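One structure below.
Nothing in this text is a laboratory measurement; each read-out follows from the coordinates by a stated rule. Keep in mind that this is a model prediction, so the values were computed, not measured. Cβ: placed from backbone, ideal geometry, glycine included. Neighbour counts: every protein chain shown.
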């Protein structure tokens with residue numbers, strides 16, 4: 001007796017869940033205010049494009065300000081993307097791609113042996 | 001190509017031999033150790049082909065120059081891993097030698113055999129992280145091994161001109177290395 005082959009298709013999102021949420025910032029530009037943008041700023045801080053803010057609690061705001069625009073431009077330059085200063089689809093796609101944890105610009109993981 | 005701040009490199013005389021070892025306790029069990037060894041041997045040999053540095057595997061993890069292991073979440077170095085995809089791995093600049101891979105990834109040594117949509121090619125990541133261990137930072141050249149991102153199910157293991165020029169500026173050239181062989185390889189892959 002031949003038993004029909006059962007095929008189970010498991011679909012898995014190919015992007016990290018946290019970073020996948022960044023799609024909602026697509027097309028944001030300087031002056032935008034989008035709830036949760038501080039998370040994206042943390043991403044930029046993690047990989048060396050933004051410094052921790054000087055405000056009292058050291059928290060990022062949800063405003064696409066001049067400093068963030070500079071960070072986006074630096075990111076685009078560093079990743080070989082068109083430098084627009086906006087969160088265009090190519091930039092968002094690059095941000096969501098799996099990557100190495102070493103900082104792109106700063107000495108975040110730079111260390112010497114002790 | 002780019003370097004870490006201060007342009008650190010290994011200082012071990014010439015010819016230089018760097019030892020590496022796998023963690024006795026932080027490994028994955030769905031790929032055999034012999035397969036992992038083979039993958040890393042190939043990855044190290046690519047760099048050894050272009051610079052006068054040899055890499056030798058040893059058993060003693062603690063005394064190895066380069067310490068390789070798979071870790072999950074917060075593993076004590078201040079750079080916690082984040083689960084599936086996101087950050088895949090990280091390594092420290094010379095002469096630290098720590099080389100960490102995110103245990104949560106679906107690591108693959110043969111993408112033909114692993115069907116997962118989130119499979120990550122171990123050899124590609126290993127080759128990239130060895131570049132960090134040697135002192136290279138991230139490159140802006142999309143095709144370079146030292147470019148910071150890698151899509152799931154993709155493979156990037158061949159050093160490009162940018163990678164080679166960067167690492168040779170740190171360590172000099174392997175006397176047996178010929179740039180023409182690299183250019184031939186790049187031309188053939190472009191045609192492909």
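Quick look at the numbers
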| read-out | value |
| --- | --- |
| Helix-derived mean residue ellipticity, 222 nm - over the protein assembly as shown, DSSP H n ≥ 4, -39500 (n - 2.57), to 500 | -8500 deg cm²/dmol |
| Kirkwood Rh and Cα Rg combined as Rg/Rh, chain B | 0.94 |
| Percent antiparallel among DSSP beta bridges (both partners in chain B, rounded to 5) | 20 |
| For the protein assembly as shown, Kirkwood radius (reciprocal of mean inverse C-alpha pair distance, Å) | 20.6 |
| Full-extension gain in nm, residue A:24 to residue A:42, via 0.36 nm per residue minus C-alpha separation | 4.9 nm |
| Proxy reagent accessibility, fewest Cβ within 10 Å first, across A:42, A:78 | A:42, A:78 |
| Taking A:30, B:115 and counting other C-beta atoms within 10 Å, the order from fewest to most | B:115, A:30 |
| Average beta carbon contacts from partner chains per residue of B:92-98, 10 Å cutoff | 4 |
| Dmax and Rg, reported as Rg then Dmax, of the stretch B:5-76 (C-alpha, Å) | 13.8, 39 |
| Residue order, fewest to most beta carbons within 10 Å, for A:75, A:43, B:30 | B:30, A:43, A:75 |
